[in-house]
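Colleague: Okay, here's the structure, questions in a sec.
The values are calculated or read from the model by the stated rules, or taken from the named source; none is laboratory data. Keep in mind the model is a prediction, meaning the values are calculated, not measured. FYI the Cβ positions are ideal-geometry reconstructions off the backbone, even for glycines, and counts take in every protein chain you see.
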């Protein structure tokens, strides 16, 4: 069983992240979103996770959401994660990342 599957509460607790949006326009690009999710999961997996998010990135609007797939580097297990914009304050957005299912 992957660390995410064993400890979903910990992932949800870690997952409120801030991202400065300066120069990003009105959202976060796919590559930056994947990096953000991977850095969050690195603490959970104790190794870099392989993360894939859909094209188009994520709008910097409250409640905008997308789903990304992360692969546990220890087991190879895929996990779907919902990434939601929790708040936006000028050029900073906070994201919530929670396991789906």
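Colleague: Residues in the stretch 40-55: is at least one under 20 Å from residue 101 (Cβ atoms), buried (at least 18 other Cβ atoms within 10 Å of the Cβ), touching a residue at least 60 places away in the same chain (Cβ under 8 Å) and in contact with a strand residue (DSSP E or B) (Cβ under 7 Å, 6 or more places away or on another chain)?
Modeller: no
Colleague: Sticking with this structure for a sec: Consider residue 63 against the criteria (1) outside any helix (DSSP H, G or I); (2) at pLDDT below 90; (3) more than 16 Å from residue 99 (Cβ to Cβ): it satisfies all of them except one. Which criterion is unmet?
Modeller: Going through the list (1) outside any helix (DSSP H, G or I); (2) at pLDDT below 90; (3) more than 16 Å from residue 99 (Cβ to Cβ), residue 63 breaks only (2).
Colleague: Got a sec? Which of 51, 37 is modelled with pLDDT of 85 or more and either on the phi > 0 side of the Ramachandran plot or in a helix (DSSP H, G or I) (or both)?
Modeller: Answer to the selection: 37.
Colleague: Could you look through the stretch 12-34, keep only residues that are under 15 Å from residue 67 (Cα atoms) and surrounded by 14 or more Cβ atoms within 10 Å (Cβ to Cβ), and pick out the one that is modelled with the lowest pLDDT?
Modeller: As a first pass, look at the stretch 12-34 and keep what is under 15 Å from residue 67 (Cα atoms): 12, 15, 28-34.
If we keep only those that are surrounded by 14 or more Cβ atoms within 10 Å (Cβ to Cβ) too, we end up with 15, 28-30, 32-34.
On the way: 15: 45, 28: 83, 29: 86, 30: 91, 32: 87, 33: 89, 34: 91.
Among residues in the stretch 12-34 that are under 15 Å from residue 67 (Cα atoms) and surrounded by 14 or more Cβ atoms within 10 Å (Cβ to Cβ), the one modelled with the lowest pLDDT is 15.
Colleague: Moving to a separate point now. Considering only residues that are closer than 15 Å to residue 49 by Cα, crowded, with 18+ Cβ neighbours inside 10 Å and out of contact with any helix residue (DSSP H, G or I) (no Cβ under 6 Å at 6 or more places or on another chain), which ones fall in the stretch 73-96?
Modeller: Kept after step one, since they are closer than 15 Å to residue 49 by Cα, are these residues of the stretch 73-96: 73-81.
Filter again for crowded, with 18+ Cβ neighbours inside 10 Å, leaving 79, 81.
Across the stretch 73-96, the qualifying residue is only 81.
Colleague: Identify, by number, the condition in (1) crowded, with 17+ Cβ neighbours inside 10 Å; (2) at pLDDT below 90; (3) under 18 Å from residue 94 (Cβ atoms) that residue 4 doesn't meet.
Modeller: (3)
Colleague: How many of the residues making up the stretch 56-72 are surrounded by fewer than 19 Cβ atoms within 10 Å (Cβ to Cβ) and either in contact with a helix residue (DSSP H, G or I) (Cβ under 7 Å, 6 or more places away or on another chain) or at positive phi (or both)?
Modeller: 2
Colleague: Okay, next question. Suppose we keep only residues that are at pLDDT below 85 and in a loop (DSSP other than H, G, I, E, B) within the stretch 66-101. Which one would you say is farthest from the chain's Cα centre (by Cα)?
Modeller: Restricting to residues being at pLDDT below 85 and in a loop (DSSP other than H, G, I, E, B), the top hit is 90.
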